[in-house]
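See structure below.
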Amino acid sequence: MNVLLRDEQDDPLPAEVIEALARAVMAAERLPSDSELAITMVDAETMAGYNHDYLGREGPTDVLSLPIEDFTEGIAERSDSAPPLLLGDIVICPSVVAANAAAAGVAFEDEMALMVVHGLLHLLGYDHVIEAEAEAMEEREREILALVGRERP
């Protein structure tokens, strides 16, 4: 599983931890071993621009997921000659994540782990608009975070 991590903010985070977490989520979701994902860390100003451009919302947010494929029906069987599965991009704003963690009284690392899991599940078709879907997504987040020794904040 290939995880491309770019950290475009002034205070970079340890890439190995984030990449390992993303790979753990991909394995838990039983994605093909040639699956590819991009994660980019940005500052609040850049995130506000993405949030406006992609969702029409003002201000920065903690995480955005920009899927390439539509996984609402799950991942179909693939032949050995199929190209790598390109999941899409996750954009995370660590400064917003830190503010959210402080406001909730949880560790930054736990909130950051949740953002990686949450963003990747969005790429795989999970959503939280309808309450039943939100409950299912939150339950899957708890399960995956437990696999890596974290709790859902």
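The values are calculated or read from the model by the stated rules, or taken from the named source; none is laboratory data. Not measured: the values here are computed from a predicted model. In this analysis, Cβ positions are derived from the backbone assuming ideal geometry, glycine residues included, and neighbour counts consider all displayed protein chains.
Of the numbered criteria (1) within 18 Å of ARG23 (Cα to Cα); (2) surrounded by fewer than 19 Cβ atoms within 10 Å (Cβ to Cβ); (3) within 13 Å of the chain's Cα centre (by Cα), the one VAL116 fails is (2).
Just to be sure before I move on: is PRO60 modelled with pLDDT under 90 and either out of contact with any Lys or Arg (no Cβ under 7 Å at 6 or more places or on another chain) or among the aliphatic types (A, V, I, L, M) (or both) in the structure I sent? No. Screening region 28-48 for residues that are in a strand (DSSP E or B) and among the β-branched types (Val, Ile, Thr) and picking the one that is farthest from VAL96 (Cα to Cα) gives ILE39. Look at region 50-67: where a residue is without any contact (Cβ under 8 Å) to a residue 24 or more places away in the chain and a partner is of a type in the set (Asp, Glu) and exposed (fewer than 13 other Cβ atoms within 10 Å of the Cβ), sitting 6+ places away or on another chain with Cβ atoms under 9 Å, you get ASN51/GLU58; HIS52/GLU58.
Taken over region 30-42, the criterion of being crowded, with 17+ Cβ neighbours inside 10 Å and over 16 Å from LEU114 (Cβ atoms) is satisfied by LEU31, SER35, GLU36, LEU37, ALA38, THR40, VAL42. Working only within region 124-133, note down all residues that are more than 16 Å from SER65 (Cα to Cα) and surrounded by 11 or more Cβ atoms within 10 Å (Cβ to Cβ). Selection gives GLU133 alone. Screening VAL42, VAL97, VAL129 for residues that are among the β-branched types (Val, Ile, Thr) and without any contact (Cβ under 8 Å) to a residue 24 or more places away in the chain leaves exactly one candidate, VAL129.
Quick check, is ILE18 farther than 23 Å from ASN100 by Cβ and β-branched (Val, Ile, Thr)? Before you say what the answer is, go through the steps one by one.
Values: farther than 23 Å from ASN100 by Cβ: no; β-branched (Val, Ile, Thr): yes.
In short, no.
Scan region 53-64 and give yes if some residue there is within 18 Å of the chain's Cα centre (by Cα), among the aromatic types (Phe, Trp, Tyr) and surrounded by 16 or more Cβ atoms within 10 Å (Cβ to Cβ), otherwise no.
Start the filter on region 53-64 by keeping residues that are within 18 Å of the chain's Cα centre (by Cα), which leaves 54-55, 60-64.
Going one step further and asking which of them are among the aromatic types (Phe, Trp, Tyr), we end up with 54.
Add one more test, that the residue is surrounded by 16 or more Cβ atoms within 10 Å (Cβ to Cβ), and what stays is none.
No.
Scanning region 106-121 for residues that are of a type in the set (Gly, Ala, Ser) and either at pLDDT 95 or above or closer than 14 Å to MET41 by Cα (or both) turns up ALA113, GLY119. Close contacts from region 18-32, counting a first residue that is without any contact (Cβ under 8 Å) to a residue 40 or more places away in the chain and a second that is surrounded by fewer than 19 Cβ atoms within 10 Å (Cβ to Cβ) and part of a helix (DSSP H, G or I), with Cβ to Cβ under 9 Å and a gap of 6+ residues or different chains, come to ALA27/LEU147. Restricting region 70-99 to residues that are modelled with pLDDT of 95 or more and farther than 22 Å from ALA20 by Cβ, the residue that is surrounded by the fewest Cβ atoms within 10 Å (Cβ to Cβ) is ALA99.
Within region 92-108, can one find any residue that is outside any helix (DSSP H, G or I) and under 11 Å from the mean Cα position of the chain (by Cα)? Within region 92-108, one or more residues are outside any helix (DSSP H, G or I) and under 11 Å from the mean Cα position of the chain (by Cα).
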